[in-house]
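The values are calculated or read from the model by the stated rules, or taken from the named source; none is laboratory data. Computed from a predicted model, the values in this text were never measured in an experiment. As a convention, Cβ positions derive from the backbone with ideal geometry for all residues, glycine included, and neighbour counts pool all protein chains shown.
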Amino acid sequence: MNIKNPVKHSDKEQIENQLNNGTPKEDYDYGELIWSFDVGAKLDYDGSIIRVNSRFYLEGDIGKTFWSGSVGIIFMQEEISEKNFKCANLDELKYQVEEYVKDLCSKIRNSLKNTIL
């Protein structure tokens, strides 16, 4: 049996609100797990479980500037780790941050494979 678009457009918002405990989609934070219909009739439960959040600023005096900031690891909307960086130039910042995140990704992947997957 092949049913095409069994959900009426007018019912989609009601169904989403029911599945999301009455909270409208626009009240959810970016990346938060949420039920929603895509452009068709397919119902999705999507969001981020782990994400990276970072911010860097150029600081210092003329001739002695540096980049400083931090990388936070967010698990289910909660920051679980933060690492601070202070780098003399953009090349150093790029290298250190990307290596840090790549190492974290490897650790997370290995941990998940060894415990729950």
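Within the stretch 30-39, which residues are in contact with a Ser or Thr (Cβ under 9 Å, 6 or more places away or on another chain) and surrounded by 10 or more Cβ atoms within 10 Å (Cβ to Cβ)? Quick ask: steps written out before the conclusion?
Restricting attention to the stretch 30-39, the residues satisfying the condition of being in contact with a Ser or Thr (Cβ under 9 Å, 6 or more places away or on another chain) are 30-34.
Those that are in contact with a Ser or Thr (Cβ under 9 Å, 6 or more places away or on another chain) and surrounded by 10 or more Cβ atoms within 10 Å (Cβ to Cβ): G31, E32, L33, I34.
Restricting attention to the stretch 23-69, the residues that are within 30 Å of L90 (Cβ to Cβ) and acidic (D, E) total 3. Could you please find all residues in the stretch 35-49 being in contact with a strand residue (DSSP E or B) (Cβ under 8 Å, 6 or more places away or on another chain), at pLDDT below 90 and of a type in the set (A, V, I, L, M, F, W, C)? Result: F37, L43, I49.
Could you tell me whether N114 is of a type in the set (S, T, N, Q), touching a Gly at 6+ places or on another chain (Cβ under 8 Å) and over 30 Å from E13 (Cβ atoms)? No.
Out of D44, D27, one residue alone is exposed (fewer than 12 other Cβ atoms within 10 Å of the Cβ), among the acidic types (D, E) and touching a Ser or Thr at 6+ places or on another chain (Cβ under 8 Å). It is D44.
Of the residues making up the stretch 70-117, those that are aromatic (F, W, Y) and surrounded by 14 or more Cβ atoms within 10 Å (Cβ to Cβ) are F85, Y100. Screening the candidates N21, N17, N53 for the property of being among the polar types (S, T, N, Q) and assigned to a helix (DSSP H, G or I) yields one hit, N17.
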